[in-house]
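A.B. asks: Submitted below is the structure of interest, expressed as structure tokens.
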Amino acid sequence: MKRTVLFVFIVLIFNAMYSQKADFKAAEKFRGDNLTSRYGDLSVNPTWIEESDLFWYSFKTSAGKNYYFVNAASRIKQLMFDSRFMASELKKLTRHPYNELDLPLAELKFEKKSTSRFTFKVDSIKFLYDMTNRKLVIKDTIRKDKKPSWASYSPDSTWITYAKNHNLYLMKTKDKDSVEIQLTTDGERYYSFAGYGNSEDTVKNKKARANVEWFKNEKKLYVIRQDERKVKDLFVIDVLAQPRPKLETYRYSMPGEEFVPQSELIIFDVASKNRVNVDLTKWKDQTIDVAWSSQEEAKKLILIRKDRPLKNLDVCSVDAETGAVSVLFSEEAWPYFNNEYSRLSVLNEGNDIIWWSEKTGWGQLYLYDSTGKLKRQITDGYFVTGRINQIDTLGRVLYFEAFGKEEGVHPYYSMKYKTFLDRPGMTLITKEPANHSLSMSKSCKYFVDTFSTVDKEPEAVLRDNNGNVIIKLEKADLTQLYQMGWKMPETIKVKAKDGVTDLYGVMYKPFNFDSTRKYPVISYVYPGPQTESVPYQFTVTGGKNIALAQLGFVVVNFGHRGGSPQRNNYYHTYGYDNLRDYALADDKYGLEQLSEKYRFIDIERVGIYGHSGGGFMSTAAILSYPDFYDVAVSSAGNHDNNIYNQWWGETHDGVSEVEKKAKQKVETKKDTLSKNLKNDTITLVKKKETEKTFKAEIAKNQDLAKNLKGHLLLVHGDIDNNVHPGNSLRVVDALVKANKRFDFMMLPGQRHGFGNATAYFDRMMWYYFSEHLLGDYRTNVELTDF
């Protein structure tokens, strides 16, 4: 009897520890869609008025939405109008009532050379309001015939360009007779002048938007045309199409394939209709990207030309009249160029070129002249310079972001700086340790900065160009969030598996957190390498993490070596040639450290999830460390990067250049020299010729299928034309052949982001983790119960 009682007692204790009820109601309460009405705006997005130091903005709090006018020079902020007054005036003019707390004003714009009169649209009516006399009038009834979607307008809207039957056409905007001028005759499907040249619609005499860019003076335009005629097809089937399922076909190049898109640059003269085909040939399967066109005269383009492995590039100047190409400067990188930040800024009609480079191992800015000669290194140090926010061309001052320069400040915070182009030194102009934004007036005298951290409420201020606060504009109103029990997440820091590299992240806990309990831990992952999906500025939802934690989990989200380009070149490219596995050891080691630091984390119950690259990583994790990870939910994962897009796989895992032997050429010719041969022909056998091609082979998840021990849920949209469903299905096939038990869900009619099935997927993920980490297998909890 005593043994029976003891056994029952142990079972009860075990069930109490490992069979906890998931709090589905709390998860639903704090799901993103249910929180949007509980807070207002989180940032100030100013609209600067022409060349002035004046701007307006709207801002919504729990008290309603207001519109403000700011004179930066005078340090004056004022309401543009009383919302109750405006609602009343609108009612008088339209006879329709409007909510004064949230007026539906659209397309608000100040009239040219006016600082008091502005127009806006409500429904189909355009209004004019004068702030000086508080007078509102109807300016116009807006016609519903908007600008056609197929039209690309020149800078001053003098011309329209478009594609038809895959060719390029030109037409004057105000031409009553709609006389169209055909510029090309060589367009065809997959070698088109249309922006979406693969569409069947462009073959039916139907106008389509052209892939056109204009020079500012409208004398010339140019096109980068893609030749995809030899690129192989890929398919998805829309099973929900009516009346019968529909096959969707598109061109899609994959890593290591012989035939990939080929880029070419063509320049057209508007007056003469002359065409210049620019010969940019240098590397096989190269890519080109135009960075700048001359502003005053249509004379020059500056572009970047890269080889296929993304290890070599040229910055080139192109004569728009002749098509002549000259290399300004070249650069070689290993293992590849940082596509997130390596870009050009061109000033002074091409006489100054600013280039971002990792040649020192840290991204820095360099100044070149119009001939490609290096004038000076603009920034220098063991930190990463990010994007240029503004350039004062008259004062020759650069305003930009940088990461990791300030001692003791989170290395992922975007801190803002200024520096002169022609002399050394850089000045910090946002001193608060936070993630900052910058929207600057055209005079470059003032800027609006919204700054926050993941655990600090957003605050918006107006600063002068030295960083001094001129006006405190707004602070986010989170009153209703706090009232419903919402709490901020916590920042965390762990070491990478090497024991020295710091990894940064965020931890989300249930809002009814009990420090005496043990909680399963779930790691939300996205490996990069182009970014780390970890929030460092304020977030209400943390993506799916806030809601997921409310079920009864500790959810963590931290970076891994090989992720963010905001660190140095070594950190960013750590995963090169190891695309499947590089982030896994860091994730496991980080979770182990967190369980040692926080006693409430139960390291015996570990989950992992992610979408796209995170879907790829989460499956790789549970298959690589089957005794550590218990549950994985992997959505839209690129599990086999050999069938994902060419750029991703070749850039981040590598591509090898190989020589391909062509067939022997056999030619038969008449013998006109020798009279002794019985036959009058001879056979000439030419040597085998070789040509360069490329090869890529990337480790894939299905090769690890035999290792599965835990619970794996694979989810994919059946018409995902980004990460093809075949990525998940190949893992499914391998798991079936390995005789493994797993779960798989195909979402009909869904693309890569799951669209209107997102909420359903979220809840299915809640069920899955709750069943396998909490032991909550309740079947009577229906979606409608939430």
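The values are calculated or read from the model by the stated rules, or taken from the named source; none is laboratory data. This structure is a prediction, so every number in the text was calculated from the model and none was measured. Positions of Cβ are backbone-derived with ideal geometry, glycine not excepted, and every protein chain shown enters the neighbour counts. In case anyone asks, the SASA skips ligands and DNA or RNA and just uses the protein heavy atoms, side chains included. Shrake-Rupley method; radii C 1.70, N 1.55, O 1.52, S 1.80 Å.
A.B. asks: Could you check Gly64 against (1) closer than 30 Å to Cys444 by Cβ; (2) free of Cβ contacts under 8 Å to residues at least 40 places away in the same chain; (3) surrounded by 12 or more Cβ atoms within 10 Å (Cβ to Cβ); (4) out of contact with any strand residue (DSSP E or B) (no Cβ under 7 Å at 6 or more places or on another chain) and say which number it fails?
C.D. replies: With respect to (1) closer than 30 Å to Cys444 by Cβ; (2) free of Cβ contacts under 8 Å to residues at least 40 places away in the same chain; (3) surrounded by 12 or more Cβ atoms within 10 Å (Cβ to Cβ); (4) out of contact with any strand residue (DSSP E or B) (no Cβ under 7 Å at 6 or more places or on another chain), Gly64 is out only on (1).
A.B. asks: Which of (1) over 20 Å from the mean Cα position of the chain (by Cα); (2) more than 18 Å from Phe769 (Cα to Cα); (3) among the small types (Gly, Ala, Ser) does Gly552 not meet, given it meets every other one?
C.D. replies: Exception for Gly552: condition (2).
A.B. asks: Hey, among Ser114, Ser154, which residue is farther than 18 Å from Ile49 by Cα, of a type in the set (Gly, Ala, Ser) and out of contact with any Lys or Arg (no Cβ under 9 Å at 6 or more places or on another chain)?
C.D. replies: Ser154
A.B. asks: Of all residues being within 14 Å of Asp627 (Cα to Cα) and among the hydrophobic types (A, V, I, L, M, F, W, C) in the stretch 592-610, which is surrounded by the most Cβ atoms within 10 Å (Cβ to Cβ)? Just the residue, please.
C.D. replies: The qualifying residue surrounded by the most Cβ atoms within 10 Å (Cβ to Cβ) is Ile608.
A.B. asks: Another question about this same structure. Of all residues in the stretch 599-632, how many are more than 18 Å from Asn578 (Cβ to Cβ), of a type in the set (Phe, Trp, Tyr) and in contact with a His (Cβ under 7 Å, 6 or more places away or on another chain)?
C.D. replies: 0
A.B. asks: List the number of the failed condition for Lys220; all other conditions in (1) farther than 30 Å from Lys660 by Cβ; (2) out of contact with any Lys or Arg (no Cβ under 8 Å at 6 or more places or on another chain); (3) open to solvent by 70 Å² or more (accessible area, probe 1.4 Å); (4) touching a residue at least 12 places away in the same chain (Cβ under 8 Å) hold.
C.D. replies: (3)
A.B. asks: Same structure again: Based on what the data block shows, is Thr161 at pLDDT 95 or above and either open to solvent by less than 30 Å² (accessible area, probe 1.4 Å) or out of contact with any Gly (no Cβ under 9 Å at 6 or more places or on another chain) (or both)?
C.D. replies: Considered against the rule, which asks whether it is at pLDDT 95 or above and either open to solvent by less than 30 Å² (accessible area, probe 1.4 Å) or out of contact with any Gly (no Cβ under 9 Å at 6 or more places or on another chain) (or both), Thr161 comes out as yes.
A.B. asks: Does Ala22 satisfy the condition of being aliphatic (A, V, I, L, M), modelled with pLDDT of 95 or more and in a helix (DSSP H, G or I)?
C.D. replies: Spelling it out, it is not the case that Ala22 is aliphatic (A, V, I, L, M), modelled with pLDDT of 95 or more and in a helix (DSSP H, G or I).
A.B. asks: Which number in (1) in contact with a strand residue (DSSP E or B) (Cβ under 7 Å, 6 or more places away or on another chain); (2) closer than 22 Å to Gln593 by Cβ marks the one condition that Val500 misses?
C.D. replies: Of the numbered conditions (1) in contact with a strand residue (DSSP E or B) (Cβ under 7 Å, 6 or more places away or on another chain); (2) closer than 22 Å to Gln593 by Cβ, the odd one out for Val500 is (1).
A.B. asks: Count, please, the residues in the stretch 102-152 that happen to be open to solvent by 50 Å² or more (accessible area, probe 1.4 Å), under 15 Å from Tyr67 (Cα atoms) and over 34 Å from the mean Cα position of the chain (by Cα).
C.D. replies: 3
A.B. asks: How many residues are open to solvent by 10 Å² or more (accessible area, probe 1.4 Å), under 30 Å from Lys284 (Cα atoms) and outside any helix (DSSP H, G or I) if we restrict to the stretch 695-743?
C.D. replies: 8
A.B. asks: Considering only residues that are outside any loop (DSSP other than H, G, I, E, B), open to solvent by less than 50 Å² (accessible area, probe 1.4 Å) and of a type in the set (Asp, Glu), look in the stretch 227-247 and name the one that is farthest from Gly654 (Cα to Cα).
C.D. replies: Asp238
A.B. asks: In the list Gln364, Gln390, which residue meets the criterion of being under 23 Å from the mean Cα position of the chain (by Cα), farther than 20 Å from Asn568 by Cα and buried (at least 18 other Cβ atoms within 10 Å of the Cβ)?
C.D. replies: Working: Gln364 fails: farther than 20 Å from Asn568 by Cα.
Exactly one of Gln364, Gln390 is under 23 Å from the mean Cα position of the chain (by Cα), farther than 20 Å from Asn568 by Cα and buried (at least 18 other Cβ atoms within 10 Å of the Cβ), namely Gln390.
A.B. asks: Within the stretch 178-200, identify whether any single residue is within 26 Å of the chain's Cα centre (by Cα), at pLDDT 95 or above and closer than 19 Å to Ser154 by Cβ, and answer yes or no.
C.D. replies: Scanning the stretch 178-200 turns up at least one residue that is within 26 Å of the chain's Cα centre (by Cα), at pLDDT 95 or above and closer than 19 Å to Ser154 by Cβ.
A.B. asks: Something else now. Can you tell me how many residues in the stretch 151-198 are assigned to a loop (DSSP other than H, G, I, E, B), without any contact (Cβ under 8 Å) to a residue 60 or more places away in the chain and not basic (Lys, Arg)? If you could, list the steps in order and put the result at the bottom.
C.D. replies: We begin by selecting, within the stretch 151-198, every residue assigned to a loop (DSSP other than H, G, I, E, B); these are 151, 154-158, 165-166, 173-180, 183-187, 189-190, 192-193, 195-198.
Among the residues that remain, those that are also without any contact (Cβ under 8 Å) to a residue 60 or more places away in the chain are: 151, 157, 165-166, 173-180, 185-187, 189, 192-193, 195-198.
In the following step, the residues that additionally are not basic (Lys, Arg) were identified as 151, 157, 165-166, 173, 175, 177-180, 185-187, 192-193, 195-198.
Total meeting the criteria: 19.
A.B. asks: List every residue pair whose Cβ atoms lie under 9 Å apart, where the two residues are 6 or more positions apart in sequence or sit on different chains, the first residue falls within the stretch 361-374 and is outside any loop (DSSP other than H, G, I, E, B), and the second residue, located anywhere, is charged (D, E, K, R) and crowded, with 20+ Cβ neighbours inside 10 Å.
C.D. replies: Matching pairs, first to second residue: Gln364/Glu358.
A.B. asks: While we're here: For the structure I just gave you, tell me whether Ile622 is within 17 Å of Leu704 (Cβ to Cβ), in contact with a Leu (Cβ under 8 Å, 6 or more places away or on another chain), in contact (Cβ under 8 Å) with a residue 40 or more places away in the chain and surrounded by 24 or more Cβ atoms within 10 Å (Cβ to Cβ).
C.D. replies: Considered against the rule, which asks whether it is within 17 Å of Leu704 (Cβ to Cβ), in contact with a Leu (Cβ under 8 Å, 6 or more places away or on another chain), in contact (Cβ under 8 Å) with a residue 40 or more places away in the chain and surrounded by 24 or more Cβ atoms within 10 Å (Cβ to Cβ), Ile622 comes out as yes.
A.B. asks: Among the strands (runs of 3 or more DSSP E) contained in the stretch 444-520, which hold 2 or more residues that are closer than 17 Å to Phe553 by Cα?
C.D. replies: In the stretch 444-520, the matching strands (runs of 3 or more DSSP E) lie at 490-495, 502-508.
A.B. asks: Something else now. Can you name the residue in the stretch 625-658 that is open to solvent by 10 Å² or more (accessible area, probe 1.4 Å) and among the aromatic types (Phe, Trp, Tyr) and is also farthest from the chain's Cα centre (by Cα) among such residues?
C.D. replies: Residue satisfying both the conditions and the ranking: Phe628.
Every residue, every condition in (1) in contact (Cβ under 8 Å) with a residue 12 or more places away in the chain; (2) farther than 29 Å from Gly505 by Cβ; (3) open to solvent by 50 Å² or more (accessible area, probe 1.4 Å); (4) among the small types (Gly, Ala, Ser), yes or no:
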position: Glu401; (1), (2), (3), (4): yes, no, no, no
position: Lys405; (1), (2), (3), (4): yes, no, yes, no
position: Val409; (1), (2), (3), (4): yes, no, no, no
position: Tyr417; (1), (2), (3), (4): yes, no, no, no
position: Asp422; (1), (2), (3), (4): yes, yes, yes, no
position: Ile429; (1), (2), (3), (4): yes, no, no, no
position: Ser441; (1), (2), (3), (4): yes, yes, no, yes
position: Phe447; (1), (2), (3), (4): yes, yes, no, no
position: Thr453; (1), (2), (3), (4): yes, no, no, no
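A.B. asks: Between a residue in the stretch 258-269 that is farther than 20 Å from Asn642 by Cα and any residue that is of a type in the set (Ser, Thr, Tyr), which pairs come within a Cβ distance under 6 Å, given they are 6 or more apart or on different chains?
C.D. replies: Every condition considered, the pairs that remain are Ser263/Thr287; Ile267/Tyr222.
A.B. asks: Moving on to the next point. Being open to solvent by 40 Å² or more (accessible area, probe 1.4 Å) and among the hydroxyl-bearing types (Ser, Thr, Tyr) is the filter; apply it to the stretch 506-549 and report the residue that is nearest to the chain's Cα centre (by Cα). Talk me through it step by step, then tell me what you get.
C.D. replies: Restricting attention to the stretch 506-549, the residues satisfying the condition of being open to solvent by 40 Å² or more (accessible area, probe 1.4 Å) are 509, 512-518, 524, 526, 530-531, 533, 537, 543-544.
Next cut, among the hydroxyl-bearing types (Ser, Thr, Tyr) only: 515-516, 524, 526, 531, 533.
On the way: Ser515: 38, Thr516: 41, Tyr524: 18, Tyr526: 13, Thr531: 9, Ser533: 11 Å.
My answer is Thr531.
A.B. asks: Considering only residues that are in a strand (DSSP E or B) and hydrophobic (A, V, I, L, M, F, W, C), look in the stretch 273-291 and name the one that is farthest from the chain's Cα centre (by Cα).
C.D. replies: Step one: filter the stretch 273-291 for residues in a strand (DSSP E or B), giving 275-278, 287-291.
Now restrict to residues that are hydrophobic (A, V, I, L, M, F, W, C): 276, 278, 288, 290-291.
Working: Val276: 34, Val278: 31, Ile288: 20, Val290: 20, Ala291: 19 Å.
Step by step, filter the stretch 273-291, then rank; the result is Val276.
A.B. asks: Looking only at the stretch 295-306, which residues are of a type outside the set (Lys, Arg) and crowded, with 19+ Cβ neighbours inside 10 Å?
C.D. replies: Ala298, Leu301, Ile302, Leu303, Ile304
A.B. asks: Right, next: Pick from the stretch 321-357 the residues that are outside any strand (DSSP E or B) and of a type in the set (Asp, Glu): which of them is most open to solvent (accessible area, probe 1.4 Å)?
C.D. replies: The residue in question is Glu321.
A.B. asks: Let me ask another. Could you list, in sequence order, the residues of the stretch 67-85 that are of a type in the set (Phe, Trp, Tyr) and either part of a strand (DSSP E or B) or surrounded by 15 or more Cβ atoms within 10 Å (Cβ to Cβ) (or both)?
C.D. replies: Within the stretch 67-85, Tyr67, Tyr68, Phe69, Phe81 qualify.
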